[in-house]
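The values are calculated or read from the model by the stated rules, or taken from the named source; none is laboratory data. Worth saying up front: this structure is predicted, and the values here are computed from it rather than measured. FYI the Cβ positions are ideal-geometry reconstructions off the backbone, even for glycines, and counts take in every protein chain you see.
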Amino acid sequence: MTARRARADAVGGVLLLLLAAVAGLAGRALPFGAPGQPGAGFFPRALTLLLAALALALLIRGLARPAPDFTEPWRDPGARRRLLLMTGALVGYVAAVGTLGYLVTTAALFVVMVRGVGGRGWTHTLVVAAACSAGSWYLFGRLLRVTLPAGALLP
């Protein structure tokens, strides 16, 4: 971790703490509600507390130790290849999901992530891709009733 990165983490932590303070002050006029019936101020206060906790963690990390050198992975050609592969896969996913449908394109995206980026074997890759794409389709499409692109092949 470089000193510059550590300073950026510390400065970012302070700025996010200030943002949490401003959000807390802005949201204090909203009614909090009761435990069984939260009011309009419950969710903003919960998010403000989460933001403050994460900002404090970032500040402490920035002050406690120097940041890692983020330029080192770029020296590794394999890391660049994985980044470009994942970026291309996400662009391809967005382009193809309307035509091929959610299930097929999500399975293909998981194949690229697990095999191409993660370097796992084909058996593991296909099991993860099938389970994750079918599971997310069932969760969003069936249980939460989110309209997913049907495509020409499958749902």
Failed condition for A150, given (1) surrounded by 11 or more Cβ atoms within 10 Å (Cβ to Cβ); (2) more than 20 Å from G92 (Cα to Cα): (2)
Test: residue in region 87-108 that is at pLDDT 90 or above and within 30 Å of A10 (Cα to Cα): yes
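Each row is one residue, and each column tells you yes or no for (1) under 13 Å from P149 (Cβ atoms); (2) surrounded by fewer than 19 Cβ atoms within 10 Å (Cβ to Cβ); (3) among the aliphatic types (A, V, I, L, M).
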site: V91; (1), (2), (3): no, yes, yes
site: G101; (1), (2), (3): yes, no, no
site: A108; (1), (2), (3): no, yes, yes
site: R115; (1), (2), (3): no, yes, no
site: G118; (1), (2), (3): no, yes, no
site: T125; (1), (2), (3): no, no, no
site: A134; (1), (2), (3): no, yes, yes
site: Y138; (1), (2), (3): no, yes, no
